[in-house]
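Following: one structure in structure tokens, then a few remarks.
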Amino acid sequence: MIDVKKELSKELNHKKLDAFVIVSDPDKNNPINQADMFIRGLEKDRNIYHDLFSKHQFLQLKIKKQSLSENLETWIGFDESNGNLIQVCLCLRCKIDDQTNAMTHNDGCDRVLKKVAKSRLPFKGPGIALIGSDGSGKSTVTLDLEKWLSEKIDCRRYYLGSGEHYNSIYKRCIKMMIRGFRLSRDLNKKQTVKAGENELDQTQVNSVKKGLKNWYCHINAFYLYRISVRTLKQLRMSNGFSKGGGIRLFDRYPQNQFMGINDGPKIRKLYGNINSSVINRLIQMEEENINRCVKMSPDLVIKLVISPEVAILRKPDHNIPELEKKTDIIRNLNFENTVVQNIDANQKYEEELRTIKKLIWDYLFQLSKRNG
């Protein structure tokens, strides 16, 4: 694998272009150490530098508050040898002895590099969604990708599911109700064994259980509707972030091709047979929200495809038929106007993550070429 930083330094020396490589320092609070390489060049050589960066698939980022230095550029590259991002600061000057524009004074350098440390793309940032069946490692991968990208580029992760990562007050209330039902059921069983039940007592118990079940169905349906509201809100907020050049990472993504599973609409399948105007209204509102989410499709979808045999080892509380069904759904999901890539999630995690990083970086580079 090519050491991009080493190759770039070699080519700069070959072309006899000025470059000063910053040596890492234990003091990570010093903003100058955010850059892996600091290049002081001449304005007349701008095109030469840009050609070299493009050759090694570097992206030029947008510096916040560019007015601090009109001659400062920041570039980001991908090092295949270790999977890390490389940040290069290019400071152009009109004359060799023009020390002010070169930002060689520490105070000036610090002020500018504080803004350079985490910049954004000069075009609309893409939305990247990772989807997969249970056990495929969606959350683990998105967390590692967020950490990887956030070191150099503004990036945010959005969880769009209803699993353990989303613990709303509605979910906590439902869990309390379930515990209450179980305690009540166990208590009834004990009383039955001790004293027995006549027909009147049994009728009353059944009536109470039916009422509690009816309340549970309505509360759970409302909870599922609130998930769709939250998902839609997150996607709308993320659109504003991406317009400024930020990268969005989605852990899961809603779909409307399969009901009741894989982040699709759930209320109709669970409670569609209940004769309730409230339930019917919640069904309608949930599906409307999911449809709006689907229209805001991501730019890149990465499908983590895993065999049920491997997934069951990671999620022992599931069963093989359920995992097989979810895996088939992932393979068959379609997304309009979206680049879709399949990744084998059965391989070693380090190899899988390196493959995904390379895939994302190639996509970002192609996106930058299309946006000029």
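Select from the stretch 47-62 the residues that are hydroxyl-bearing (Ser, Thr, Tyr) and either open to solvent by 30 Å² or more (accessible area, probe 1.4 Å) or farther than 13 Å from VAL88 by Cα (or both) and list them in ascending order.
Listed by number, the list holds a single entry, SER54.
Would you call GLN34 modelled with pLDDT under 85, open to solvent by 40 Å² or more (accessible area, probe 1.4 Å), within 28 Å of the chain's Cα centre (by Cα) and closer than 15 Å to LYS152 by Cβ?
Details: modelled with pLDDT under 85: yes; open to solvent by 40 Å² or more (accessible area, probe 1.4 Å): yes; within 28 Å of the chain's Cα centre (by Cα): yes; closer than 15 Å to LYS152 by Cβ: yes.
In short, yes.
Residue by residue through the stretch 281-310, note down the ones that are not β-branched (Val, Ile, Thr) and not in a helix (DSSP H, G or I).
Passing the criteria: MET296, SER297, PRO298, ASP299, LEU300, LYS303, LEU304, SER307.
Cβ-Cβ under 6 Å, sequence separation 6+ or interchain: first residue in the stretch 214-241 and free of Cβ contacts under 8 Å to residues at least 60 places away in the same chain, partner part of a helix (DSSP H, G or I) and open to solvent by 50 Å² or more (accessible area, probe 1.4 Å). Which pairs?
TYR223/TYR170; ARG226/TYR170
Of all residues in the stretch 297-316, which are under 25 Å from ILE128 (Cβ atoms) and either among the basic types (Lys, Arg) or open to solvent by 50 Å² or more (accessible area, probe 1.4 Å) (or both)?
Across the stretch 297-316, the qualifying residues are ASP299, LYS303, ARG314, LYS315.
Could you list all residues from the stretch 325-372 that are under 20 Å from the mean Cα position of the chain (by Cα), in a loop (DSSP other than H, G, I, E, B) and surrounded by fewer than 16 Cβ atoms within 10 Å (Cβ to Cβ)?
ASN334, GLU336, ASN337, THR338 - these are the residues of the stretch 325-372 that are under 20 Å from the mean Cα position of the chain (by Cα), in a loop (DSSP other than H, G, I, E, B) and surrounded by fewer than 16 Cβ atoms within 10 Å (Cβ to Cβ).
Could you check, for the stretch 71-81, whether at least one of its residues is at pLDDT below 90, of a type in the set (S, T, N, Q) and either assigned to a loop (DSSP other than H, G, I, E, B) or more than 25 Å from the chain's Cα centre (by Cα) (or both)?
yes
Any chance the stretch 275-292 includes a residue that's in contact with a Pro (Cβ under 7 Å, 6 or more places away or on another chain) and within 30 Å of LEU149 (Cβ to Cβ)? Spell out the reasoning first.
Within the stretch 275-292, the subset in contact with a Pro (Cβ under 7 Å, 6 or more places away or on another chain) is 286-287, 290.
Of the ones still in play, those that are also within 30 Å of LEU149 (Cβ to Cβ) are 290.
Yes, there is a match, as at least one residue in the stretch 275-292 is in contact with a Pro (Cβ under 7 Å, 6 or more places away or on another chain) and within 30 Å of LEU149 (Cβ to Cβ).
Kindly indicate whether any position in the stretch 269-277 is within 20 Å of LEU333 (Cβ to Cβ), among the charged types (D, E, K, R) and free of Cβ contacts under 8 Å to residues at least 12 places away in the same chain.
At the first step, the residues of the stretch 269-277 found to be within 20 Å of LEU333 (Cβ to Cβ) are 269.
Now narrow it down to the ones that are among the charged types (D, E, K, R): 269.
Keeping just the survivors that are free of Cβ contacts under 8 Å to residues at least 12 places away in the same chain gives 269.
Within the stretch 269-277, one or more residues are within 20 Å of LEU333 (Cβ to Cβ), among the charged types (D, E, K, R) and free of Cβ contacts under 8 Å to residues at least 12 places away in the same chain.
Yes or no: GLU287 buried (at least 16 other Cβ atoms within 10 Å of the Cβ) and charged (D, E, K, R)?
When the stated conditions are applied, GLU287 passes them.
Take ASP251 and tell me if it is charged (D, E, K, R), out of contact with any Pro (no Cβ under 6 Å at 6 or more places or on another chain) and open to solvent by less than 30 Å² (accessible area, probe 1.4 Å). Spell out how you get there, then give the answer.
Details: charged (D, E, K, R): yes; out of contact with any Pro (no Cβ under 6 Å at 6 or more places or on another chain): yes; open to solvent by less than 30 Å² (accessible area, probe 1.4 Å): yes.
So ASP251 passes the test.
Would you tally the residues in the stretch 129-146 being at pLDDT 95 or above, surrounded by 21 or more Cβ atoms within 10 Å (Cβ to Cβ) and not small (Gly, Ala, Ser)?
5
Looking at GLY272, GLY260, which one is closer than 15 Å to GLY161 by Cα and either over 15 Å from the mean Cα position of the chain (by Cα) or among the charged types (D, E, K, R) (or both)?
From the options GLY272, GLY260, the qualifying one is GLY260.
Taking the stretch 295-337 as the search range and keeping residues that are among the small types (Gly, Ala, Ser) and farther than 22 Å from ARG157 by Cα, which one is modelled with the lowest pLDDT?
The qualifying residue modelled with the lowest pLDDT is ALA311.
When you scan the stretch 100-123, do you find a residue that is over 26 Å from PHE58 (Cα atoms), modelled with pLDDT under 90, part of a loop (DSSP other than H, G, I, E, B) and acidic (Asp, Glu), even just one?
no
The values are calculated or read from the model by the stated rules, or taken from the named source; none is laboratory data. This one's a predicted model, so the numbers in the text were calculated from it and none came from an experiment. All Cβ positions, even for glycine, are placed from backbone atoms using ideal geometry, and neighbour counts span all protein chains on display. Ligands, DNA and RNA are stripped out before the accessible areas are found, and what is left, the full protein with its side chains, is counted by its heavy atoms. Shrake-Rupley method; radii C 1.70, N 1.55, O 1.52, S 1.80 Å.
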